Amino acid sequence: MPNYAKQLDQYAKQLSALPNRYRLPPIWRQSLGEWVNSASAGLLNWLQEVALKTVRLAPYLLWLVLIPVLGSSF
C-alpha cells in the first residue's frame, strides 16, 4: 500500500505540473492545481480508509473460509 501511495503522489505532482506546460490563463492554472490537490488528497484518504477497514476485517475473513470447510467435513 505505501508503494501505491508514493506512485499516486508522483502522478498527482505530474498532473499539477501539467497546466504550467500550456499557456492557460493563471486563474485556470490555479483552479486546476487546486482541483488536482484536493482530488489526490481525497483519494489518499479514501485509500487509507479502505486499507484500515480491510485490516479490521482480516480476522473475520479467515472464519468465512474455515466455517464452510469445517462444516462440510462433518
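At R0 = 35 Å, how high is the FRET efficiency between residue 64 and residue 39 if r is their beta carbon distance? Nearest 0.05 is fine. Provide the component values of the computation, followed by the final result.
On the way: r = 34 Å, r/R0 = 0.97.
Result of the calculation: an efficiency of 0.55.
Applied to the stretch 41-56, the Karplus parametrisation 6.51 cos²θ - 1.76 cosθ + 1.60 on θ = phi - 60° returns per-residue 3J(HN,Hα) values of 5, x, 5, 5, 4, 5, 4, 5, 5, 4, 5, 5, 5, 5, 5, 5 Hz, with x for Gly and Pro.
Quotient of the Cα radius of gyration of the chain and 2.2 N^0.38 Å, N being its number of residues: 1.86. With a simple spin-label model that places each label point 7 Å from the Cα along the Cα-to-Cβ direction, the separation between residue 72 and residue 10 comes to 4.2 nm. Each peptide in 55-63, 27-35 was scored by the mean count of other Cβ atoms within 10 Å over its residues; highest first, the order is 27-35, 55-63.
Since every read-out is calculated from the coordinates, none of them should be taken as a lab result. Source: prediction; values computed, not measured. Counting neighbours? That spans all protein chains shown, and the Cβs are built from the backbone with ideal geometry, glycine included.
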